[in-house]
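K.L.:
I'd like to ask some things about the structure below.
Read-outs: derived from the displayed coordinates by stated rules, not from any lab. The structure displayed is predicted, hence computed values, not measured ones. All Cβ positions, glycine included, derive from the backbone under ideal geometry; neighbour counts span all protein chains shown.
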Amino acid sequence: MPYKFNIVFVFLLSVTACSMAQVVKDYNPSIQRTTQLQYFKPIEPHLFSGDGMPYYHNGTFYLYWLLDEGHHAGLDGLGGHQWALSTTTDLVHWKHHPVALGIDNEAWEKSICTGSVIADKGLFYAFYATRVKDANGVHEQLSYAISNDGGYTYEKQSPNPFYLAPEECISRDFRDPKVFKGSDSLFHLFVSGNLKEPAIGGFGGYLVHLVSADLKNWKEVDSPLRGQQGTPECADYFKWNDWYYLLYSIAGHTHYVMSKAPYGPWIYPKSQSLIAHFECVYKTARFKNGRRIAVAYSPYRAGDKDDGDRIWGGTILFREVYQEPDGTLSTKFLPEVLPASSPMTIPAIKTPSPSVVAIRDGQLNIAAAGEMGVAEMDELPDNYRISMRIEPDGNYEELGLFLRATDEHESGYRLALNPNHETVRMHNTSIDAVKGLNEPIFLDVIVYGDFFDVCVNNKRTVVNRLPEQKGKNLFFYVKNGNATIRDVKIEKITNH
């Protein structure tokens with residue numbers, strides 16, 4: 001990948017980072033952590049995790065991911081990415097392997113970009129885009145490799161490349177092939193594309209659709225998706241029960257459409273459960289017992305500042321995806337990969353305004369019609385998980401938490417739920433079309449390092465990265481409304 005919106009960040013990196021022009025050679029899979037893989041990056045400080053490419057086969061969950069050096073600084077800022085590999089059979093215990101698909105020091109290979117894998121007749125096939133640079137500029141072209149050892153190491157195949165961008169497609173925006181076998185018994189590739197001459201300027205993004213009977217000889221057929229504002233990257237495609245799903249990312253935000261037919265007409269659901277600013281380019285794979293696992297990466301912030309923009313490369317982020325009765329998709333925390341934690345005694349809760357906030361039988365009753373009701377909890381650990389049940393009494397303007405607060409003057413980061421706007425805001429990022437905020441709410445929050453990871457009703461998630469404030473206090477609040485907060489549970493995260 002990358003997506004165009006933040007290519008400029010390459011020039012904002014330090015001179016040291018920008019000078020990295022060699023293929024990554026010092027990734028050591030043997031020293032990486034092998035449990036609690038949420039928020040994983042290589043332990044080497046200059047290495048980061050990029051796009052994930054999950055695949056499930058014969059009981060093993062393969063997570064191929066882009067190994068990044070210096071936030072896209074490798075090979076003169078063109079990426080220098082290679083495919084790292086981590087595997088598991090239970091999502092709890094992981095094994096990291098040497099680079100599965102790398103750059104072979106070819107002068108024209110500037111990055112092994114995002115792609116996908118399929119197993120057929122005892123072999124694994126990896127399809128990917130190679131980013132190249134020549135006298136005419138930077139281009140992307142399709143390549144493939146074959147593994148005969150079960151998907152752990154790949155050998156590139158000839159011809160390389162095997163397919164170039166169609167004439168009508170911008171060659172710089174031809175990448176991220178998704179391979180699958182269709183109901184027609186043919187193999188299909190969905191490839192990111194962008195038209196040179198769209199019907200309306202700026203809306204040329206589409207998916208190039210290729211088909212093959214043998215995974216080697218390909219021809220183009222009608223596109224399943226057109227008219228996108230930007231290149232639709234890192235496509236994913238699967239059938240789940242009676243529905244077909246197509247995922248694609250625009251500027252790092254993962255959209256999805258659904259249909260009862262393989263290639264549309266598509267429905268664009270209102271609740272886009274995979275769109276979140278710090279959850280970039282989700283791709284999914286099935287798992288045992290009908291489960292489906294989504295993997296993205298969570299980017300760092302420029303300058304390590306709360307208001308710094310996203311920069312390419314970060315840490316792996318997992319979600320569990322499940323299907324609602326109407327076919328729409330919801331997301332929740334994936335329990336097997338979360339940081340280890342242990343129960344702790346709940347600190348005493350202080351109520352600055354007893355007439356507004358009352359504590360009875362271990363629950364907070366906040367009556368704040370026409371004002372703001374606040375309760376305070378002090379001396380929390382640096383890293384913790386807190387959950388609670390919130391029961392609104394009628395409509396309210398806003399409620400939530402202030403996290404990592406020092407006092408009422410340095411109130412930390414606001415987690416705000418707004419039922420009228422159907423939004424959940426974690427400081428300076430938010431998600432939309434969140435249903436059920438005027439009904440009983442189960443709120444689950446992880447505060448871990450610079451991560452503020454939120455799950456609402458086990459249906460929607462949002463994460464933010466906020467490195468600056470370090471306060472140990474927490475405020476509960478309700479604005480212009482009444483609510484009861486009960487069943488508060490806090491666990492100290494023990495593996496930071």
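K.L.:
Given the C-alpha atoms of segment 189-312, compute the convex hull and give its volume per residue in Å³. List each step's numbers first, then the result.
P.N.:
On the way: hull volume 20.8 nm³, N = 124.
Hull volume over Cα atoms, normalised by residue count, gives 168 Å³.
K.L.:
Let me ask something additional. Enumerate the whole-percent occupancy of each 5 Å bin, from 0 to the last occupied one, for all C-alpha pair distances of segment 91-135.
P.N.:
Bin by bin from 0 Å, the calculated values are 5, 15, 19, 21, 18, 12, 6, 3, 1, 0.
K.L.:
Setting aside same-chain residues fewer than 8 positions from LYS110, which lysines have a Cα under 19 Å from its Cα?
P.N.:
Result set, ordered by chain and number: LYS4, LYS25, LYS133, LYS156.
K.L.:
What ³J(HN,Hα) values, in whole Hz, does the Karplus curve 6.51 cos²θ - 1.76 cosθ + 1.60 give for segment 257-262 when θ = phi - 60°, with x put for Gly and Pro?
P.N.:
For segment 257-262, the Karplus-derived couplings read 10, 9, 7, 7, 10, x Hz, x marking Gly and Pro.
K.L.:
Let me ask you something else. Residues with beta-carbon under 11 Å from that of PRO269, excluding PRO269: net charge, scoring Lys, Arg +1 and Asp, Glu -1?
P.N.:
Residues close to PRO269 contribute a combined charge of -1.
K.L.:
Next question, about the same structure. Can you give the calculated 222 nm mean residue ellipticity of the chain, where each DSSP H run of n ≥ 4 adds -39,500 (n - 2.57) and the sum is split over every residue, rounded to the nearest 500 deg cm²/dmol?
P.N.:
Only helices count here, giving 0 deg cm²/dmol.
K.L.:
From Cα pairs below 8 angstrom and at least 6 apart in sequence, can you work out the relative contact order of the chain, rounded to a whole percent?
P.N.:
On the way: 1337 pairs, mean separation 57.4, N = 496.
For the chain, the relative contact order is 12 percent.
K.L.:
Now a separate question. Restrict the search to segment 252-285; then list the trypsin sites (Lys or Arg not before Pro) that DSSP places in a loop and that have at most 11 other Cβ atoms within 10 Å of their Cβ.
P.N.:
Answer by residue number: LYS260, LYS270.
K.L.:
Dipole of the chain (Lys/Arg Cβ +1, Asp/Glu Cβ -1, origin at the Cα centre): which of PHE476, VAL99, LEU66 lies farthest to the positive side?
P.N.:
The listed residue farthest towards the positive side: VAL99.
K.L.:
Using square roots of five times the C-alpha gyration tensor eigenvalues, list the equivalent-ellipsoid semi-axes of segment 105-205 in whole Å, biggest first.
P.N.:
Each semi-axis is √(5λ); the values are 26, 19, 9 Å.
K.L.:
Along each principal axis of its Cα atoms, how long is segment 402-488 end to end? Whole angstroms, biggest number first, please.
P.N.:
32, 24, 24
K.L.:
Report the relative contact order of segment 222-304, percent, no decimals, based on alpha-carbon pairs under 8 angstrom and at least 6 residues apart. Kindly include the intermediate steps, with their values, before the conclusion.
P.N.:
Details: 137 pairs, mean separation 17.3, N = 83.
Reported relative contact order: 21 percent.
K.L.:
For Cα pairs less than 8 Å apart in space and 6+ apart in sequence, what is the mean separation divided by the residue count of segment 374-445, i.e. the relative contact order in percent?
P.N.:
Working: 105 pairs, mean separation 23.2, N = 72.
After rounding, I find 32 percent.
K.L.:
Would you tally the net charge around ASP432, using a Cβ to Cβ cut-off of less than 12 Å, leaving ASP432 out, and scoring K and R as +1, D and E as -1? All intermediate terms of the calculation are to be shown ahead of the outcome.
P.N.:
Details: positive: LYS270, ARG425, LYS435, ARG460; negative: GLU422.
For residues surrounding ASP432, the net value is +3.
K.L.:
Rounded to whole Å, give me the distance from the Cα center of segment 290-356 to that of segment 429-496.
P.N.:
9
K.L.:
Any idea what the dipole of the chain comes to, in debye rounded to 20, about its Cα centre with Lys/Arg Cβ at +1 and Asp/Glu Cβ at -1? Write down the numbers at each step before the final one.
P.N.:
Numbers: 48 positive and 58 negative charges, 154 e Å.
It comes to approximately 740 debye.
K.L.:
Still on this structure, I have one more. Where in segment 424-474 are there trypsin sites (Lys or Arg not before Pro) that are in a DSSP coil and have at most 10 other Cβ atoms within 10 angstrom of their Cβ?
P.N.:
On the way: sites: ARG425, LYS435, LYS459, ARG460, ARG465, LYS470, LYS472; in loops: LYS435, LYS459, LYS470, LYS472.
Within segment 424-474, the qualifying trypsin sites (Lys or Arg not before Pro) (loop, at most 10 other Cβ atoms within 10 Å) are LYS470.
K.L.:
Across segment 174-179, in residue order, what do the Karplus-derived ³J(HN,Hα) couplings come to in whole Hz, using 6.51 cos²θ - 1.76 cosθ + 1.60 with θ = phi - 60° and x for Gly and Pro?
P.N.:
3J(HN,Hα) across segment 174-179, in whole Hz: 9, 7, 6, x, 10, 9.
K.L.:
Moving to a separate point now. Determine ³J(HN,Hα), in whole Hz, for all residues of segment 28-38 in sequence, where each value follows from phi through the Karplus function 6.51 cos²θ - 1.76 cosθ + 1.60 and θ = phi - 60°; x replaces Gly and Pro.
P.N.:
Per-residue couplings from phi come out as 10, x, 6, 9, 7, 5, 10, 9, 6, 7, 4 Hz.
K.L.:
Which of PHE278, TRP312, ALA296 sits farthest toward the positive end of the charge dipole of segment 268-358, with +1 on the Cβ of Lys and Arg and -1 on the Cβ of Asp and Glu?
P.N.:
My answer, from the dipole projection, is ALA296.
K.L.:
Please identify every one of the chymotrypsin sites (Phe, Trp or Tyr not before Pro) in segment 196-268 that sits in a loop by DSSP and has no more than 13 other beta carbons within 10 Å of its own beta carbon.
P.N.:
For chymotrypsin sites (Phe, Trp or Tyr not before Pro) across segment 196-268 that sit outside H, G, I, E and B with at most 13 neighbouring Cβ atoms in 10 Å, the list is empty.
K.L.:
Next question. Assign unit charges at the C-beta atoms only (+1 for Lys and Arg, -1 for Asp and Glu), then state the dipole size of segment 146-191 relative to its Cα centre in Debye, rounded to the nearest 20.
P.N.:
100
K.L.:
Restricting to Cα atoms and excluding each atom paired with itself, what does the Kirkwood estimate give for the chain in Å?
P.N.:
It is 23.7 Å.
K.L.:
Sorted by mean Cβ packing within 10 Å, highest first, what order do the peptides 397-404, 417-424, 40-47, 300-307 take?
P.N.:
Listed from highest to lowest mean packing, they are 397-404, 417-424, 40-47, 300-307.
K.L.:
So for segment 290-439, what percent of the C-alpha to C-alpha distances run longer than 17 Å?
P.N.:
Counting every Cα pair in segment 290-439, those more than 17 Å apart make up 74 percent.
K.L.:
Amide H to amide H under 5 Å from ASP393: which residues, 5+ apart in sequence or cross-chain, H placed 1.01 Å off N in plane?
P.N.:
Placed amide hydrogens put ASN482, ALA483, THR484 under 5 Å from ASP393.
K.L.:
While we're looking at this one, here's another question. For segment 42-124, with only Lys/Arg (+1) and Asp/Glu (-1) charged at the beta-carbon, what is the dipole magnitude about the Cα centre, in debye rounded to 20?
P.N.:
280
K.L.:
Which net charge results when you count Lys and Arg as +1 and Asp and Glu as -1 among the other residues whose beta-carbon is under 12 Å from that of ALA483?
P.N.:
-2
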